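Have a look at the structure below, then the notes.
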Amino acid sequence: MTAKLPAPVAAVARIFDENPWPAGGVQDPGLPAIAVAVSGGGDSLALLLAAQDAFPGRIHAVTVDHGLRAESADEAAYVAQLCARLGIAHQILRWQGPDPKGNLMDQARRARLDLIGAWARGAGIGHVLLGHTADDNAETFLMNLARKAGLDGLCGMRRDWHEGGIHWHRPFLALSRDELRADLRRRSVDWIDDPSNDNPRFTRVKARRTMAALAPLGITAEGITATLSYLDAAQRALMRTCADVARGMTGEAGALRMPHAAFCALDPEIQRRLIGAAIQWMSGADFPPRGAQVQALLSRLAAAQEAQLGGVRFLHRQGQLYILREARGVMGPMAFDTPEGQIWDHRWRISGPARPGAEIRALGAAGYRQCPDARRFGLREALVVTPAIWQGDQVLAAPLAGLHGPADGSGDRPYQADVSQGLAEFILSH
């Protein structure tokens, strides 16, 4: 009879239940590595050890030295020493520091994800595990409650999501800090306590103390976790409905199109979610626009008026609503130096033969004039913000405007521009 796995190991092992390993199991040498973000605190160390037990030989550890405290370098070194003893590959990434005008904690969170994501992509690692717990989830719920958040803010942290080519996972959202520390004690492994976790200047610390004050009322992290599971189920149902609507939209020259009457007939909540998701999908923003901005936009759309929000443009033509990238929000030029596929303007994957001095940039009005059949492929307003391969002032290719190149008879394969992820898939993965 197989022995029951410790709770942390079982939680990590379950992350692939919905995305199972290919035939051959975890010992298959062809399977990808998994990264674990490790700070040296109890939660992330428990995650590292559980992941090593669940997927032996697959684990890479990564630590971000944020440099915000004098001890951070020593903490990163401690993780490196532990990984060396365990035979786990380890990488230290260093943050160059915050913008003094911004929110320090939010900047540090964003920097950690950006640094880890870039490192993982470069190392060919597709999965990254984060050590957030049920306590973190409950504290986040209280913080968002104070901000008067809607369902999206109150349904808890995401268990997993796709961003920047990485599948991020939080396998410990149903486990408490106490459970994880008990597991570390069982293993005789020490952890580092970050003094900022006791600094009342930070909102999360205030939420942590509030949790302790609410305990006599029976409001605990465990109880909030149960409530979050119901809210999460409701939110996922809404997102599935929204994704179904997105699948019914027509893609045209990089824009989305649907009958204006059909959009107006949607439930207002689905309208709001669809528009917010489309703006994030096209612009690459971390979050949708604020509720009041979206509501004002929806009022204009109901009246069939043109509008812009978050780098996205909304047009009405012959009874159709078009959603397209706004020209002034489009990404600037990018050197075309990876023929097998580069991501430009957040969602376009460009592939084709490399040429010296070639770059990816928006087609624009000048490029549109170089595409003799462009008008057959959709709205001019939509085409001018689609990707083109340029060499100086010449358009080598504009795939969405019907110019696939190369035109010199070299026999090279044509250029392609495809969305890296459709709107419906974006909705379901975010």
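The values are calculated or read from the model by the stated rules, or taken from the named source; none is laboratory data. Bear in mind that the values here come from a model prediction, so they are computed numbers and not experimental data. Here the Cβ is made from the backbone with ideal geometry for all residues, glycine too, and neighbour counts use every protein chain on show. To get the accessible areas, we keep the full protein, side chains included, count just its heavy atoms, and leave off ligands, DNA and RNA. Shrake-Rupley method; radii C 1.70, N 1.55, O 1.52, S 1.80 Å.
Restricting the first residue to the stretch 349-360 and requiring it to be under 11 Å from residue 413 (Cβ atoms), which pairs with a second residue that is charged (D, E, K, R) and assigned to a loop (DSSP other than H, G, I, E, B) meet a Cβ separation below 7 Å and a spacing of at least six or different chains? That search, which allows pairs on different chains as well, returns 351/340; 352/413; 353/412; 353/413. Residue 390 fulfils the conditions (1) in a loop (DSSP other than H, G, I, E, B); (2) over 30 Å from residue 248 (Cα atoms); (3) not hydroxyl-bearing (Ser, Thr, Tyr) except for a single criterion, (1). If you go through the stretch 393-424 one residue at a time, how many are at pLDDT 80 or above and either part of a loop (DSSP other than H, G, I, E, B) or within 17 Å of residue 364 (Cβ to Cβ) (or both)? So the count comes out to 18.
Please tell me if residue 147 is over 23 Å from residue 59 (Cβ atoms), open to solvent by 40 Å² or more (accessible area, probe 1.4 Å) and not polar (S, T, N, Q). Here the answer is yes, as residue 147 does meet what is asked. Assess whether residue 41 counts as being over 26 Å from residue 110 (Cβ atoms), modelled with pLDDT under 95, more than 22 Å from the chain's Cα centre (by Cα) and surrounded by fewer than 23 Cβ atoms within 10 Å (Cβ to Cβ). Criteria not met by residue 41.
Pairing each residue of the stretch 175-191 that is touching a residue at least 24 places away in the same chain (Cβ under 8 Å) with any residue that is surrounded by fewer than 17 Cβ atoms within 10 Å (Cβ to Cβ) and β-branched (Val, Ile, Thr), provided the two are 6+ apart or on different chains, yields C-beta distances under 9 Å for 183/189. Any residue at all in the stretch 126-135 that is over 29 Å from residue 57 (Cβ atoms), open to solvent by 10 Å² or more (accessible area, probe 1.4 Å) and touching a residue at least 40 places away in the same chain (Cβ under 8 Å)? Yes: the stretch 126-135 contains one or more residues that are over 29 Å from residue 57 (Cβ atoms), open to solvent by 10 Å² or more (accessible area, probe 1.4 Å) and touching a residue at least 40 places away in the same chain (Cβ under 8 Å).
Residues that are open to solvent by less than 60 Å² (accessible area, probe 1.4 Å) and touching a strand residue (DSSP E or B) at 6+ places or on another chain (Cβ under 6 Å) do not occur anywhere in the stretch 220-232.
Only one of the listed residues (337, 393) is within 31 Å of the chain's Cα centre (by Cα), among the charged types (D, E, K, R) and farther than 26 Å from residue 278 by Cα. That residue is 337. Within the option set 319, 367, being closer than 22 Å to residue 413 by Cβ, over 23 Å from the mean Cα position of the chain (by Cα) and in contact (Cβ under 8 Å) with a residue 24 or more places away in the chain holds for one residue only, 367.
Only one of the numbered conditions (1) of a type in the set (Lys, Arg); (2) open to solvent by 60 Å² or more (accessible area, probe 1.4 Å); (3) modelled with pLDDT of 95 or more is violated by residue 201, and that is (3). Screening the candidates 13, 3 for the property of being out of contact with any His (no Cβ under 6 Å at 6 or more places or on another chain), modelled with pLDDT under 95 and not in a loop (DSSP other than H, G, I, E, B) yields one hit, 13. The residues of the stretch 171-198 that are surrounded by 17 or more Cβ atoms within 10 Å (Cβ to Cβ) and more than 24 Å from residue 77 (Cα to Cα), listed by number, are 171, 172, 173, 174, 175, 176, 179. Scanning the stretch 212-227 for residues that are part of a helix (DSSP H, G or I) and out of contact with any helix residue (DSSP H, G or I) (no Cβ under 6 Å at 6 or more places or on another chain) yields 212, 213, 214, 215, 216, 217, 222, 223, 226, 227.
Does residue 170 meet the test of being out of contact with any Leu (no Cβ under 9 Å at 6 or more places or on another chain) and more than 13 Å from residue 231 (Cβ to Cβ)? So residue 170 does not fit the description; no.
Residues that are surrounded by 19 or more Cβ atoms within 10 Å (Cβ to Cβ), assigned to a strand (DSSP E or B) and at pLDDT 90 or above do not occur anywhere in the stretch 100-116.
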